[in-house]
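Read the structure below first, then the notes.
Read-outs: derived from the displayed coordinates by stated rules, not from any lab. Just so we're clear, the structure is a prediction, and the values are computed from it rather than from any experiment. Cβ sites come from the backbone with ideal geometry, for glycine too, and all protein chains shown count toward neighbours.
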Amino acid sequence: MPLSGSLIERLCERLSHHVGEPMDIEHSEPVGGGSICAAYRLHTPAGRWFVKVLDARKHPDLFAGEADGLQRLARAGALRVPQVVGHGEDHDEAYLLLEHIDTGPRRTAFWEALGRGLAALHGHSAPRFGLERDNHIGLLPQVNTREADWPTFLVRHRLEPLVRQARDRRRLDAATVQRFDRLYPRLDGLFPPEPPALLHGDLWSGNVLCASDGSPVLIDPAVHYGHREMDLAMARLFGGFEEAFFAAYHGERPLEPGWPERMELCQLYPLLVHVLLFGGGYAAQVQAVLRRYT
């Protein structure tokens with residue numbers, strides 16, 4: 001579906017303000033690969049830009065949270081992210097207008113830079129786990145109410161809410177919910193104490209681009225301050241990350257002993273997200289993890 005004339009006018013206004021001179025969109029073309037939003041590449045006399053569009057009535061705050069997350073990652077200065085040009089609504093359409101990233105092949109140096117950069121990102125901390133605002137992971141609202149310790153945050157604001165939703169939608173059976181109830185009290189003794197780390201929050205391979213100069217670029221974050229093993233566990237869950245990435249990370253910021261055994265615990269949250277969004281075999285993966293810990 002092409003961009004509406006009204007939205008094109010709004011985007012021209014945003015771009016004109018951004019570059020400091022009147023700007024027209026010469027043409028736009030759909031960009032594939034997204035499962036949540038419609039995405040377009042915009043061609044202008046000042047170069048190319050990227051815009052995502054979705055139904056503002058269904059997801060009125062999604063892009064505001066994503067823009068905030070990108071700006072937080074940019075301020076950390078550890079890894080490149082697309083510059084946020086603007087976000088807002090036009091009639092029933094919400095949009096997020098970003099710098100366009102020209103991409104290139106992923107070589108070993110890319111993975112090493114990504115590992116070092118993620119380690120630097122995790123060096124940014126905060127007094128408590130969470131964030132002063134909520135946002136989204138995919139299309140799911142993500143509550144970031146702050147807590148003093150990681151197990152409390154993980155249970156109250158990551159696992160419990162999604163388990164309840166999955167139960168209510170009949171995506172998880174009663175026996176699985178009971179296993180979660182048995183798991184929660186054990187988590188306090190399974191995670192070594194660490195300070196909150198600034199996380200990307202949705203670190204699968206599709207949310208990392210390789211720029212034309214070979215450098216890594218993070219996109220589509222679900223930012224919060226959490227346990228840094230969450231980002232590493234997400235990266236391992238669906239594959240696509242070479243071992244050079246993990247080796248570079250460990251070289252800069254080694255994980256605490258026992259981390260391989262905790263990876264599956266950290267993967268329960270993204271697996272629950274997929275149970276709710278996609279169903280299918282993800283519930284079986286959740287049940288397999290729970291059997292090993294309960």
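Gaussian network model of the chain, Cα springs within a sub-10 Å range: biggest mean-square fluctuation belongs to which of L272, L70, L190? Sorting by GNM fluctuation, first place goes to L190.
Would you please give the FRET efficiency between D173 and I36, computed as 1/(1 + (r/R0)^6) with r the Cβ-Cβ distance and R0 = 35 Å, to the nearest 0.05? Please list the in-between numbers first.
Values: r = 28 Å, r/R0 = 0.79.
After rounding, the FRET efficiency stands at 0.80.
In this rough spin-label picture, where each label sits 7 Å from Cα along the Cβ direction, the E29-A126 distance is 3.9 nm. Shape call for segment 44-139 from the C-alpha gyration tensor, a ≥ b ≥ c root eigenvalues: rounded (a/c under 1.5), prolate (a/b greater than b/c) or oblate? Oblate, because a/c is 1.5 or more while a/b does not exceed b/c. Taking only Cα atoms, what is the 0 to 90° angle, nearest 10, from helix 282-293's long axis to the longest principal axis of the chain? In the chain, helix 282-293 runs at an angle near 40 degrees to the longest axis. A Gaussian network model of the chain, with springs between Cα atoms under 10 Å, assigns the largest mean-square fluctuation among V223, V81, V31 to V31.
Residues considered: P196, P216, P141. Largest GNM mean-square fluctuation over the chain, using C-alpha springs under 10 Å, is found at P141.
Which of S16, S6 comes first, and how do the rest follow, when ranked by fewest Cβ neighbours within 10 Å? Mind dumping the intermediate values first?
Working: S16 15, S6 11.
The order, fewest Cβ neighbours first, is S6, S16.
Given +1 at the Cβ of Lys and Arg, -1 at the Cβ of Asp and Glu and no other charges, the dipole of segment 148-294 around its Cα centre is 800 debye to the nearest 20.
Of interest is the spacing of the C-alpha centroids, which for segment 1-17 and segment 91-151 amounts to 27 Å. Each stretch of four or more DSSP H residues adds -39500 (n - 2.57); spread over every residue of the chain, this sum gives -12500 deg cm²/dmol at 222 nm. For A38, the residues 5 or more places off, or on other chains, whose built amide H falls under 5 Å of its own are V53.
Taking R0 as 45 Å, what's the FRET efficiency between L190 and Q71 from their Cβ-Cβ distance, rounded to 0.05?
FRET efficiency, L190 to Q71: 0.85.
Label-to-label distance for H17 and D102 is 2.8 nm, based on points extended 7 Å past Cα in the beta-carbon direction. Per residue, the average separation of C-alpha pairs within less than 8 Å and at least 6 apart gives the chain a relative contact order of 18 percent.
What the Cβ-Cβ distance of A247 and Q287 gives, at R0 = 25 Å and to the nearest 0.05, is a FRET efficiency of 0.20.
Karplus-derived 3J(HN,Hα) values for segment 190-200, using 6.51 cos²θ - 1.76 cosθ + 1.60 with θ = phi - 60°, are 9, 9, x, x, 9, x, x, 10, 6, 10, 5 Hz; glycine and proline are entered as x. Each residue, D134 and H43, gets one label point 7 Å from its Cα in the Cβ direction; the gap between the two is 4.2 nm. Between 0 and 90 degrees, the angle of helix 108-121 with respect to the longest Cα principal axis of the chain falls at about 70 degrees. Relative to the longest principal axis of the Cα atoms of the chain, the long axis of helix 62-76 makes an angle of roughly 80 degrees.
Within the shell of other residues whose beta carbon sits under 10 angstrom from the beta carbon of Y249, the net charge comes to 0, with Lys and Arg scored +1 and Asp and Glu -1.
Which shape class, rounded, prolate or oblate, goes with segment 97-221 when its Cα gyration tensor gives a ≥ b ≥ c as root eigenvalues, a/c under 1.5 marks rounded, and past that a/b bigger than b/c marks prolate?
Working: a/c = 2.22, a/b = 1.71, b/c = 1.30.
Judged from the Cα gyration tensor, segment 97-221 comes out prolate (a/c at least 1.5, a/b above b/c).
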